[in-house]
Each structure stands twice: as structure tokens, then as C-alpha cells.
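Worksheet for the structure shown next.
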Amino acid sequence: MSASHRNRTPALFLPYLAVPPADTLTLLTSTLSCTCNWLTARFIGAALQSDDFPGSVVLVSWLHDTSFWRGEIQRATGIDAFRSSSNFTFLDCLSDAPTPPQSSVLAETQKRIFQAIGSASADRKVLLILDTPTLLFSLAPETISSDLNRMLLALRDHERMHSTILALPSDLPYVSAATPNADHVPTPLETAHAGFTMQQVHLARLVLGCRELDTGAARDVSGVLRITKGGGWDDGGDDGNGEQQLAEELKEGQWRYLIGRDGSVKIVE
Amino acid sequence: MAFRKRNITLGSPRGGAPPADDASRFSQAPGTRSSPLTSHTTTSTGTASLDGLLGGHGGLILGSSILISEHGTTDYAGALLRYYAAEGILQGHIVHVVGMGEGWVRELPGVAEARYQKTEDTAPGEEPDLAAQERMKIAWRYERLGQAGERALPDRSLGALSSQTPNAKQEIPFCHTFDLTKRLVAPSPPEINHISIAAASSEPFLLILSNITQRLASAAKGTVHRLVMPALLSPALYPPHCASPEHVVRFLHGLRALLRQYPSQLTAMLTLPLILYPRNTALVRTLETLADGVLEVTPFPHQSEESQSTGDAKSAKQERPQGLVKVLKLPLATDRGEGGAGAGNSIGEDLAFTLSRRRFAIAEFSLPPVEGDQEAQKEAGKVTAKDVWSAVALNRLSAVHSCTGRECRIAIYPKNYVAEDHTCPQPITGRLGPVIRTAHMTGEWTRFGSARPFATNLNIRLELDRDTPGSKQQLLREAGQLQALHELLVRCPHLSLTKVVFCMLRQLPRAAPRIERLARSVLDVAEWVGLGLQQTVDFEVVVEIRQYFELFLEEARAYREATWTVRHAED
């Protein structure tokens, strides 16, 4: 990891932003005014710079295009992922989204992602990053949460998959349908979102959530990062100190952070 | 060689490229200028104060969109849209108008006369504001210093621009001042693309999108386009099936792609009536996610009549806010995760707008003197705190009402003014139907200093009314109340709750553990659901021994509960 990267990310966050272990799911959540793109960019940077992870990265984004991610990854880690490294593949589902006349948007999307994984050079494991796949609930008509979950499981089951990172918006309207309320009948969109989000929380190893300050925005705080262990956290149990040390490093917690204009992140005490 | 002309590349990268093409690539399109912060190019929204709020870029970044959502049935957002369209016409941009006839374009506001532009703060026939003059003389350079030592942004006002670059098209300013009573006279025949909404079509949005795409593809390189979409999803314009996610979300997704495809040519401004599509639905949140900037406009519920009738109120005429403006998302800054931090990022600021004949101004809003304070009120003659609170209270009430579906009463107290002199202002109460019999909520506004200016919290207090530690039935009923409150927390993003106090008056202490357990279990549920929630909630169980309460009751009668809670907390 280069010195510039270290300077741009607090040392405290680095263990969380390292390449996740094999066969795990990491969930990043965001809100409308507190996006988690800075986390996504750092995960990508960590994977591309890591010596321990020889695999490649496939980024699928429904919300941002090439130039945004190029800039973001560069600002976060100082590397131009699109130019310098051959082990980075970007699938742009914003500019080139499958449209309904095609047999099934979901199946088409899945096919393209598989192609992207396949196009990454052979015998390499793949870190798959999905940015806001929940837009598929609207873009692919009549998709329900289990459809998307099934697609995700199929992707995660791919033989060359190392691990998956999922970035989702989790504003209140997206998750409120998870609690029963007799007075408000959730729309299909809300049901799908809430169902999918809850499923992923239970499957995820770590959940990194960005949200606003509870008291509103502030001049010197960009947001709050809350890191919790998800339902997929494996305690490891008996195999020695390594696991324990990892668990020690990855403590749950909540930090206020500030993102500067230059893209650097600081922890605000 | 020292006097080589700028803007001409030395070595053409490709030998055959015609020089004219290169020149157009380097010179800026009319009505655009580069951002002082980034390498992006910006264009004006037609409202100078709105330009100043968009993340310090001094305008709307080309290739981005703004969604303005408005509460109620007023059309203030429409005024912003008109300025945006009129500005585009004056700058020679190609304006795409969706769903509005030619009449809408004919009625766009014209440019205000020059003398008003110069002294836009003052009404005609008045002396220019003395305070403004004074400020210019003495403290002009200190204005650049932001608060807390933060580096202020370069001055991007009209004057600064035109004085710095005298040779660059000085007759056309970056942002015009418009007069709503005038009609726009375009310097040249405006290029306007009227896009009608094909109500009979099964995919009206698709037609709109393909229309714009075609126009963009066929237009000359370097032309700047503006997309104007008034009242998105309004049933007056759009057929009902448009409101389903697969239509409208797909449209905005496609529009976002189009904006990214033409990052130096296209901007868009859309308005959304929140009365039809409330913000706490997943659909609207998705639309907001797909827009680059989101503004929420909350007009005050009533224009107080006295201000319009009294002729003496000079100050009232000048600065009488008509509603609140909230910036929820900023182009670029939000995608980069900056939040409200950083100079020029206006997320979370308390802003109010004033729409007068000649301008739409958005300025920082500070709470005016409280209602009970007669003298200060007379002096100020401005909008009173009551207006603000009642506006906010009504919004909260309708939010609470729509979420719980239950009738409730909410009282909002200005905490600041419940001070040592033991006077309590009348709470602003709104009421919808019968009061909940067993529990009522008392809201309370607090304001924080330092790092979080103008943050407002609504503290909700739930009071359980019984004298004795309860039977099973009572406990069940209380559990129901807690559950209702919990649902409210989950469902109401409008309420920024920070603390819930379960206050059990007249409660014997030995019931406390039970209630505490109850509250904890609610807390657990909230925590469990609360992944990524916008708020965390502290629960606190306060148990009062009866005799304390009796003692206090006499004294507290004048106070009302909210005050008492505050005092108690301080003790």
C-alpha cells in the first residue's frame, strides 16, 4: 500500500477496508446525502495494490459512469485503475443498461456480469463489487427481492469468485417495510428493497454504514461510519491467535469522519 | 513569441484536425464558466443565490441535474424553473421544455432593468442600504474569511467576474436578474424544443428521452442544452401509469446516463410535487438518488396578512421569508461523500427563500424573536417564530399522522425562551382529531451551538399514566404505546429524534425494572432494524417517586411538561 494511500485513509479504517476473506459478502450502506463511494473506491484500491490478493476486481455500477469512478479511485488511492491495471474491469450499467424489450433485464444483466468476470484474465480470483444493484427493482419490471438475491447467489457461486462487496442505499423508506405496520401498506418497491437489504445483512460478514449526523449536517463532519458484524460473521472459534487478532482488529464501532475536498478522510473526535 | 495568442494549441495532436474545431474546444460556450474548485464547467440556474448554494462551484455543473421538490400546493419551485429556462434562452442555450405549451415560454420573466440589478437589495425609490455601503467600505476583505478559520471561496459574484475579465463578453452576465412582471425578450429567436407528453402512449417517458437524445446527437458540438421538467408525475400532465417505478425510475436513470454522456453540454432541472409523492416513499427516494442535486422547498403555511397591509414595515417588505429551503443533496460533493462539510456545501443549513417581483433569493435563515416577546416583535416586524414553528409543526404533524394513522397532538416549545424568568410561551399546537387518550407527545425544539449550527431536534416524550404498578393488561397497553412510538421512529425520517424519555409520573419505583426491560426490548428492535438508519435513538427511563412529583406539581403547573423535563434534566 503506497504512502499516499495511507495518508488519505485513517490507519484505523485500513483493516476494515482490506480485501475481504474468500467467500464472504461485505455490505456498504449509504443514505441520500451520505454516500459510501469513498469506501468502495478504497476497497478497489486496496485490492489492486494488495500483494496478498493476486486476483482482479470487477466493478458493476448502476449509478456512476467510468469518469466518476476513475476520478474517485484516483482521489482515494492515487492510482488510475482504468489505465494502469489490467486486472480491473468496469461494467457500466448506467450508460449501457439493458432495456425491457430484451428478454429479461435481470438475466441479461447476469449474463453481462458473468462475461465481465470471464474477461478478467484467467486463473485469477475475482473481487466483485456491485454499486446499487437495487435499481434493478425498478429497471427490471416486476423483480422481487428473491429474484435479485438469487442472481447474487448465482454470482457468488461462480467458481472464480473470491468475495463480493455490495453497496446499497439504506434510507429509511428502503428498510421501513421490514417492520410491520398496519397503517401503511408498503409498495412493492419498498417490500423488495427491505427484503433484499435484510437478507444481505444476514449474509454479510461486515456491514459498513454511512449516514448523516443525527443532529443534522455540520461544517466539520461529513458523516458517521458505523461498522458492525453482519449475520455472516464467522467467529473462527478455535483456530488460534490469528483469528482472535483479526477479531480484535475488526471491532465494531462508530466514527465520525470528514472527507476533504482533496478526497482525504479524517476521523473527527 | 512572448506575445503568442492564448487559446491556440501549439502542436495539433492530430495533423488533420481543423483549427476551428480546436478553438471551439478551448473557448467556453456562452453562459458557462469554470468552477473555482474543480475542473468542471458550470452554468447559471438563473437565480444568483441558488448558484451560490451548489457546493461552492458558483453554478450548476454541466452534466448534472437538480430535483426541486415542494411541499403543499404552491408553485415556488416553478419560479426557479422559469428563471432557469429564461437564463438559458438569454445565453443562447437550447432549452427543452417537457409538457408545457408555447404559452409557458411566452410568459417567462424578462430581464430586470439595470438600475435594479445594481442595487438589487433595495426597493425602487429607496436609498441604497446604508449597512451594505458601510460593509463595503470597512469589512469587505474580512468577508472572505469563513467561519472557524476555514478558507473561504473566491468571490464569484457578478461584479467580481465582470471586473476581472473585461474582455470576455462583458455585455452578457453569467446570471441575469429577472422581473416576474416583465416578459422575456430574447435577443435572437430562441431555440426551444417543446416536448409534449404522449399520454396515450404506453411509454411516454421513453419518447421524451429519445426526443432529447436525438436533439443532442444532431446539435452542433459545443452547444449547451437545458432540460426543463415542471411538475414531474403530476396527474395533470402525465398519465397515471407513469408513476410506476419501471417508468419514472427508468426515465431518470436514462436521463442520468444522458447527462453523463454529454458532460459538457446538458443540464436538467425538475420539480416534483411532494403533496402527491411524499418523501418517505421508496419511489421518491430513488428519484432523489438518481438526481445530482436535491432541494426541498417548504413554504410557510400562511402569509401573515398584517405584513402586506401595513405600509410602514420597511424591513418586513425587504426580508420576509416565504418558506424554508433545505438542500438534501449536492452535485458532485454528495457523490464524493463530503456531506455538509467543506466551504460552500450547504447541506443542513437553515435557508429561507424570499420571492419578490424581481428576485428569488435564498438566504440563511435565523429564528426571529419569539411570539410572546411583544417588544422585540414590534421592533422586528418580521416573520415571527410562530410562523416558522407552525410551518414546521404542521409538516411534522402531517408526517406523524400519515405514519401512525392515528390522531395525535403535538406541541412545539421553543426551548431557548423557556429561560430563568419562569415564563413559558404558549406552545404552538396543532391538532388532528381526538387526542390520544393514554399518551401524548410533546415536541421540543432545541438548537445546538458550535459544530452544528441550527440543528433542530424534536424530542418526543412518552408519558404513561397510571398510579400503581400495573396489571398485565396495563403492561400490554404500554407495550402497545411503546410499539407505536417505535413505529413512528422507524417511519418518520422527518423527525430527527435524538432522545426518547419514557417518563413515568406517579410511578412507584419497583415497577421501574419492568418498564426498563420493556424499553430495552424496543431499543433492541430499533437497533436490529436500525442498520443504516439515519438516526440512533437513546432511550431513557425516568421514574419519579410520587412525593417528588406532588411537590413539583404546583410549581410545574405553569410550565407544562416539556419545560419540566428540561428542568429536571438539568437538576
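The values are calculated or read from the model by the stated rules, or taken from the named source; none is laboratory data. The model shown is predicted, which means the values in this text are computed figures rather than measured ones. So basically every Cβ, Gly included, is an ideal-geometry build from the backbone, and we count neighbours across all protein chains shown.
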How many of the residues in the stretch B:27-40 are touching a strand residue (DSSP E or B) at 6+ places or on another chain (Cβ under 9 Å), of a type in the set (S, T, N, Q) and either without any contact (Cβ under 8 Å) to a residue 60 or more places away in the chain or more than 14 Å from chain A (Cβ to nearest Cβ) (or both)? 4
Considering the stretch A:208-232, residues that are within 10 Å of another protein chain (Cβ to nearest Cβ) and over 21 Å from residue B:334 (Cβ atoms), and then whichever is modelled with the lowest pLDDT, we arrive at A:230
Filter result (small (Gly, Ala, Ser) and either touching a Ser or Thr at 6+ places or on another chain (Cβ under 6 Å) or modelled with pLDDT of 90 or more (or both)) within the stretch B:283-312: B:291, B:293
Residues located in the stretch A:44-55, provided they are touching a residue at least 40 places away in the same chain (Cβ under 8 Å) and either within 14 Å of chain B (Cβ to nearest Cβ) or more than 16 Å from the chain's Cα centre (by Cα) (or both): A:49, A:50, A:53, A:54, A:55
Any chance you could count how many residues in the stretch B:218-243 are touching a Gly at 6+ places or on another chain (Cβ under 8 Å) and of a type in the set (Lys, Arg)? 1
Scanning the stretch B:41-57 for residues that are out of contact with any Cys (no Cβ under 9 Å at 6 or more places or on another chain) and on the phi > 0 side of the Ramachandran plot, the one surrounded by the most Cβ atoms within 10 Å (Cβ to Cβ) turns out to be B:55
Here are some conditions: (1) in contact with a Gly (Cβ under 7 Å, 6 or more places away or on another chain); (2) hydrophobic (A, V, I, L, M, F, W, C); (3) assigned to a loop (DSSP other than H, G, I, E, B). Residue A:182 meets all but one. Which one does it not meet? (1)
How many of the residues in the stretch A:119-138 are surrounded by 23 or more Cβ atoms within 10 Å (Cβ to Cβ), among the small types (Gly, Ala, Ser) and either away from chain B (no Cβ under 14 Å) or touching a Phe, Trp or Tyr at 6+ places or on another chain (Cβ under 6 Å) (or both)? 0
For residue A:84, work out the one condition from (1) farther than 24 Å from residue A:269 by Cβ; (2) out of contact with any His (no Cβ under 8 Å at 6 or more places or on another chain); (3) at pLDDT 90 or above it doesn't fulfil. (3)
Within the stretch A:139-179, restricting to residues that are touching a Leu at 6+ places or on another chain (Cβ under 8 Å) and of a type in the set (Asp, Glu), the one that is nearest to the other protein chains (Cβ to nearest Cβ) is A:171
Looking across the stretch A:180-207 at residues that are touching a Lys or Arg at 6+ places or on another chain (Cβ under 8 Å) and within 9 Å of chain B (Cβ to nearest Cβ), the single one that is surrounded by the most Cβ atoms within 10 Å (Cβ to Cβ) is A:207
Return a yes/no flag: does the stretch B:270-277 have any residue that is buried (at least 23 other Cβ atoms within 10 Å of the Cβ) and of a type in the set (Ser, Thr, Tyr). yes
